[in-house]
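**Student:** Could you have a look at this structure, given as structure tokens, before my questions?
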Amino acid sequence: MDYIFKSNERSSKILDFHHPHQLKEGLEGFSLDLPDHPEPLEQILVDCRDTLKYGVKTGHPRFFNQLSSGLDLVGLAGQWLTSTANTNMFTYEVSPVFLLMEEVLLKKMQSIVGWCEEEGDGIFCPGGAVSNLYSLLVARYDFYPEVKTKGMCALPRLALFTSEHSHYSVRKAAAVLGMGSDSVQVVPCDERYPSPEGLFGLVPFYVNATAGTTVYGAFDPLTAIADVCDRHKLWLHVDAAWGGGLLMSRRHQGKLQGIERASSVTWNPHKLMGAPLQCSAILIKKRVTECMLRQCNQLCAEYLFQSDKHYDISYDTGDKTIQCGRHVDVFKLWLMWKAKGSEGFGSQVNKCLENAEYLFKQLQRRADFKLVFESKPEHSNVCFWYLPPSLRGLPPGPDTNRRLHEVAPQIKAKMMEEGTTLIGYQPLGSNVNFFRCVFSNPATQHEDVDFLLEEIARLGSN
Ligand code: ABU
């Protein structure tokens with residue numbers, strides 16, 4: 001409780017940074033070493049406090065570093081109950097309630113995506129990268145079911161498409177699935193958007209479109225890409241790990257227009273919807289009557305998935321997955337949905353995007369910052385440079401860029417040492433290191449945004 005209160009106190013530090021060697025050496029009696037003999041309860045409690053003390057308060061309203069942030073108390077209670085139940089998602093036999101909750105959540109999310117009743121299948125799995133991997137796995141099986149038994153040597157050389165700003169997990173999935181990362185054709189982006197024309201001229205089987213890119217928060221033109229996919233009979237996957245949350249908002253859901261035409265969708269409620277990590281779904285529409293997920297992955301291990309059980313074994317969904325043991329990620333989301341309703345999630349999402357707009361407006365007004373894009377953010381990502389006094393008014397060019405590239409890492413290093421706020425940076429394409437501020441914590445207020453800018457200016461000007 002003390003930690004949770006501190007996480008919400010603006011004056012408390014987000015982190016008490018130490019280098020790995022310092023933590024390994026042990027700090028003020030906090031040792032990572034494992035004892036041969038049991039420690040007393042008091043020491044165990046101190047170990048718990050120290051673990052949180054030297055960690056990062058991702059629930060702090062001034063933590064802007066990652067797409068997942070905040071600490072939802074209902075979600076936390078859900079995690080606690082989940083661990084109390086301590087069961088496994090492979091069979092109805094051991095997870096009757098959780099498996100039915102998963103079905104309810106998947107159906108709800110599918111209907112929000114715009115698929116009709118009975119049109120969808122899916123599974124909750126460990127994170128967006130794995131959800132994206134599932135989409136590629138099932139798409140490949142759809143085109144070449146023999147891959148399951150014969151492997152890649154039975155298949156022609158495959159090509160798949162994704163934009164240069166998409167998540168790296170698409171290339172990783174191609175590598176993991178034996179297609180090779182070179183099979184991924186990277187579609188160049190026109191500023192923030194990939195051009196659908198870039199898809200012509202090759203023989204692909206799969207297209208990944210991104211709804212809410214990781215860095216810029218941009219939305220690929222889903223309808224135009226879906227038209228190309230229809231014309232060439234390609235599997236369209238929409239990676240809405242980050243952007244999916246916008247579907248909960250009447251104000252913003254139009255940005256994902258066309259998602260209903262996808263064959264599969266990744267959607268991470270642990271990002272914009274604030275579910276505690278981790279909570280990610282892969283939704284599959286195509287050929288759902290044939291239960292593609294099950295056909296693609298099932299191996300019917302008889303010690304778990306006996307065919308002569310006395311209940312409806314279609315609820316033994318573990319055989320649809322590439323895992324065996326599977327964590328219960330659904331209960332916290334189900335409980336949060338009960339507590340907030342769809343409208344509550346919508347308000348939360350609106351608040352995050354309002355914060356982004358507020359930051360955008362503040363940046364427009366200031367001469368010591370420069371926006372990466374002059375247009376209003378589509379998602380809650382706002383990208384910008386801080387211009388220290390020595391760089392203001394310099395003509396653009398390689399020398400200015402080289403110096404500007406060093407600014408964000410230097411400020412970030414000081415920021416981590418001081419622990420007052422936290423924001424990420426990266427270069428992207430021709431843009432040298434810039435800050436990316438993302439809002440996913442509804443506890444963040446305008447005063448926190450003001451603080452962030454003043455803090456960057458303070459750290460950057462000395
Ligand atoms: N795609 C995983 C999340 C990345 C981020 O928090 O920046």
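**Student:** Are there any trypsin sites (Lys or Arg not before Pro) in the range 375-462 that are in a DSSP loop and have at most 10 other Cβ atoms within 10 Å? List them by number.
**Tutor:** On the way: sites: Arg392, Arg402, Arg403, Lys412, Lys414, Arg436, Arg458; in loops: Arg392.
Hits after loop and neighbour filter: Arg392.
**Student:** If you don't mind, there's one more thing I want to ask. Using packing as a proxy for protection, rank 303-311, 136-144, 207-215 so that the peptide with the highest average count of other Cβ atoms within 10 Å comes first.
**Tutor:** Numbers: 303-311: 10.4, 136-144: 21.2, 207-215: 26.8.
Per-residue Cβ counts within 10 Å, averaged per peptide and sorted highest first, yield 207-215, 136-144, 303-311.
**Student:** Dipole of the chain (Lys/Arg Cβ +1, Asp/Glu Cβ -1, origin at the Cα centre): which of Val184, Ala339, Ser390 lies farthest to the positive side?
**Tutor:** So the residue we want is Ser390.
**Student:** For the range 87-333: lysine pairs with Cα atoms under 17 Å, gap of 8 or more or different chains, count?
**Tutor:** 12
**Student:** Taking H placed 1.01 Å from N in the peptide plane, check which residues at least 5 places from Phe434 or on another chain put their amide H under 5 Å from its amide H.
**Tutor:** Gln426
**Student:** Hey, how many Å between the Cα centroid of the range 1-64 and the Cα centroid of the range 387-462?
**Tutor:** So the two Cα centres are separated by 27 Å.
**Student:** Something else now. Which order do the peptides 220-226, 241-247 come out in when sorted by mean C-beta neighbours inside 10 angstrom, highest first? Could the numbers behind the result be given before it?
**Tutor:** Numbers: 220-226: 21.0, 241-247: 28.6.
Top to bottom by mean Cβ count within 10 Å: 241-247, 220-226.
**Student:** Now for a separate question. If packing is taken as the mean number of other Cβ atoms within 10 Å per residue, what is the order of 362-369, 120-127, highest first?
**Tutor:** Numbers: 362-369: 14.2, 120-127: 22.6.
For the peptides 362-369, 120-127, the packing ranking is 120-127, 362-369.
**Student:** So what are the ³J(HN,Hα) numbers for the range 432-449, from phi and the Karplus equation (6.51, -1.76, 1.60; θ = phi - 60°), rounded to whole Hz, Gly and Pro as x?
**Tutor:** The phi angles translate into 6, 2, 9, 7, 10, 9, 10, 10, 9, 9, x, 6, 5, 10, 4, 4, 6, 5 Hz.
Quick note: the coordinates plus some simple rules give every number you see, no bench work behind them. Predicted model, so just to flag it, every value in this text is computed and none were measured. As a convention, Cβ positions derive from the backbone with ideal geometry for all residues, glycine included, and neighbour counts pool all protein chains shown.
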